[in-house]
1. Scan region 8-56 for residues that are under 20 Å from PRO166 (Cα atoms) and among the basic types (Lys, Arg) and report the count.
2. Report, ordered by the first and then the second residue, all pairs with beta carbons closer than 9 Å, sequence separation of six or more or different chains, a first member in region 226-255 that is without any contact (Cβ under 8 Å) to a residue 24 or more places away in the chain and outside the structural domain of ALA340 (by TED's automatic domain parsing), and a second member that is of a type in the set (Gly, Ala, Ser) and assigned to a loop (DSSP other than H, G, I, E, B).
3. Here are some residues: SER125, SER156, SER183, SER141. Which one is among the small types (Gly, Ala, Ser) and either closer than 17 Å to ALA207 by Cα or outside the structural domain of THR44 (by TED's automatic domain parsing) (or both)?
4. Need a quick list: strands (runs of 3 or more DSSP E) entirely within region 168-273 having at least 2 residues that are under 16 Å from the mean Cα position of the chain (by Cα).
5. Please work out which residue is surrounded by the most Cβ atoms within 10 Å (Cβ to Cβ), limiting yourself to region 157-167 and to residues that are in a strand (DSSP E or B) and over 14 Å from the mean Cα position of the chain (by Cα).
6. Do you know which residues across region 285-308 are surrounded by fewer than 18 Cβ atoms within 10 Å (Cβ to Cβ), over 20 Å from VAL251 (Cα atoms) and in contact (Cβ under 8 Å) with a residue 40 or more places away in the chain?
7. Among the residues of region 134-156, which ones are crowded, with 16+ Cβ neighbours inside 10 Å and outside any helix (DSSP H, G or I)?
Amino acid sequence: MADINLRAVEKHFDGVPALHAISATFQDGEFVALLGPSGCGKSTLLRLIAGFEMPSAGAIAIGATEMSNGQTGHNVPPEERNIGFVFQSYALWPHMTVRRNVSYPLEVRRTNKATLREQTDAALSATSLIPYADRMPSELSGGQRQRVALARCLVSNPNAVLLDEPLANLDVALRASMQDVFSDFHRRTGATMVYVTHDQSEAMAMADRIAVMSEGRIVQFDTPQALYAQPRSRFVAGFVGEGTVLPISEVARDDACVTAKLFGAKIAIQTDSPNPDLICLRPENIEISETGDIRAIVQRSTYLGGRYRLTLEASSGAQLIAESRAHFPVGTQLGVSVHAPWAFAET
């Protein structure tokens, strides 16, 4: 296994930049998710790491080996990078059994028969595919086919495993179970994994760290917990988790806490910025209380099973998202208290 190091990596298509000077290190054995909306550059970055594309500028190294360099033109072919790639379409050979699909990378390398069988059996076992070894891909479910693609990555003991939206073609229930499969796979193998997705729930559930991308840049690279609790920009606050970003004023500090004014009320805030001017209000920051300083009207109430998601409109016109175990009909006027939201300065 190995680190993946990106140094000022850029990619242009017909002179139009798709990636802007991206520098980051994915640690050995780390599960990293590239998260962002369509067109933000996450799949392009993955293809550069795999060697399917050449950077226009900058360099990519896996471990101590430089794989590509936009300035010198140096580029190690994909088949020589010892990287596993899991495609959204699975990319299985339809005329080969599960065992042959998994063992094929070793066959191409002319691995001796004893080693080939041993490593193939180990990969099938790690992905719970031994009972399906003699079946054809057409006889498998979508989740089983995805596990075959994972086993094919594992069989050659890759330095890293790259996954490009591998769950996009699966139904919701199967996607949830496959998240456990990927997490178990990562835990057992210790492989460095880079996972592209536009689904924040997938990224939050599996990744050690998430690189949130927008317009060809990594705008914040952090743990799932930090991205949710301490976003550093309006984009990250709005893209990761639910909530509302609102301006604050009259920030004051004393030995006990930091306070700010919101909707005319003084509230305590959490921040590490010397001059915060925005807050991120998550549902857990909002308490429905008749003694609340802020008045709001219920605009929408959605039942989520055991609780309701409330869309509220404050007297200022701002929209808030809250959760409640009690049902409040549309049009109900409520009192709202705000508790210790995260405040930041837009970067």
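1. Here the count works out to 2.
2. LEU227/GLY241
3. SER183
4. Per the criteria, 192-197, 209-214, 217-222.
5. Restricting to residues being in a strand (DSSP E or B) and over 14 Å from the mean Cα position of the chain (by Cα), the top hit is ALA160.
6. Result: GLU287, SER289, GLU290, THR291, GLY292, ARG295.
7. Answer for region 134-156, where residues must be crowded, with 16+ Cβ neighbours inside 10 Å and outside any helix (DSSP H, G or I): MET136, LEU140, VAL155, SER156.
The values are calculated or read from the model by the stated rules, or taken from the named source; none is laboratory data. What you are looking at is a predicted structure, and each value in this text was computed from that prediction instead of being measured. Cβ sites come from the backbone with ideal geometry, for glycine too, and all protein chains shown count toward neighbours.
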